[in-house]
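One structure is given below, encoded as structure tokens.
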Amino acid sequence: MIGVALVAQASKDKSARTTAQIEADIAQARERLASTLDELAMRVHPATVAAQTKARMLGAVEQKVGRAYVAASGALEQVKAGFTDEKGRPRPERVVPAALVGVGVVLLLASARKRRRG
């Protein structure tokens, strides 16, 4: 019963409003609606959508680059550990063969290039 009384009181309060109050309420409602429509137009504007998509893509690329950097850094540390001892000095038994392979690859590429030119 109390709820019914409150509803009845609220409807009496609304019916007791003046024309100026009603017009002011309508004007406020129009302003809120215009603001909401402006916000919606901004959200669906192609430039806004493109900027948001670009930001998401850049974030995804940066995340992938970060993961690749961490993976490459870990791989480099493993390779470095294979060619150095505990004190960080080079291991000649591993460095010399790797250097010879590197020199061989360079010579092979140089001779292939020389054959193409000549």
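Values quoted throughout were computed directly from the atomic coordinates according to the rules given, and no laboratory measurement underlies them. Worth saying up front: this structure is predicted, and the values here are computed from it rather than measured. Note: ideal-geometry Cβ built from the backbone for every residue, glycine included; neighbour counts use all protein chains shown.
Cα axis of helix 19-44 to longest principal axis of the chain: angle in degrees, 0 to 90, nearest 10?
20 degrees
In whole Hz and in residue order, list the ³J(HN,Hα) couplings for segment 46-55 that follow from phi through the Karplus curve 6.51 cos²θ - 1.76 cosθ + 1.60, θ = phi - 60°; x for Gly and Pro.
Per residue, the Karplus-derived 3J(HN,Hα) values read x, 5, 5, 4, 5, 5, 5, 5, 4, 4 Hz.
Which GluC sites (Glu not before Pro) from segment 24-115 combine a DSSP loop assignment with at most 12 other Cβ atoms within 10 Å?
On the way: sites: Glu31, Glu39, Glu62, Glu77, Glu86, Glu93; in loops: Glu86.
Qualifying residues, ordered by number: Glu86.
On the Cα set of segment 28-83, report Rg and Dmax in Å, please.
22.8, 76
Calculate the dipole size of the chain relative to its Cα centre from +1 charges on Lys and Arg beta carbons and -1 charges on Asp and Glu beta carbons; express the result in debye to the nearest 20. The partial results should precede the final answer.
Working: 20 positive and 11 negative charges, 258 e Å.
Computed charge dipole of the chain: roughly 1240 debye.
Which longest run of the chain has no exposed loop site in it, a site being trypsin sites (Lys or Arg not before Pro) in a DSSP loop with at most 15 other beta carbons within 10 Å, and the site itself not part of the run?
On the way: sites that count: Arg17, Lys87.
Between exposed loop sites, the widest span is 18-86.
Picking from Met42, Gly82, Leu107, whose Cα lies most toward the positive end of the charge dipole for the chain (charges on Cβ: Lys, Arg +1; Asp, Glu -1)?
About the Cα centre, the residue reaching furthest to the positive side is Leu107.
Over the alpha carbons of segment 6-118, what is the largest minus smallest coordinate on each principal axis, giving the biggest first in Å?
The Cα atoms of segment 6-118 stretch 99, 48, 17 Å along their principal axes.
Sum up the charges of everything whose Cβ sits under 15 Å from the Cβ of Gln52, counting Lys and Arg as +1 and Asp and Glu as -1, but leave Gln52 out.
Details: positive: Arg43, Lys54, Arg56; negative: Glu39.
Value of the local net charge: +2.
Which residues' amide hydrogens lie under 5 Å from the amide hydrogen of Thr84, considering only partners 5 or more residues apart or on another chain, with H built in the peptide plane?
Under 5 Å from the amide H of Thr84 lie the amide H atoms of Arg91, each far enough along the sequence or on another chain.
Treating only the Cα positions of segment 65-118 as identical point scatterers, give the base-10 log of I(q)/I(0) from the Debye formula at each q in 0.18 Å⁻¹.
So the normalised log intensities are -0.75.
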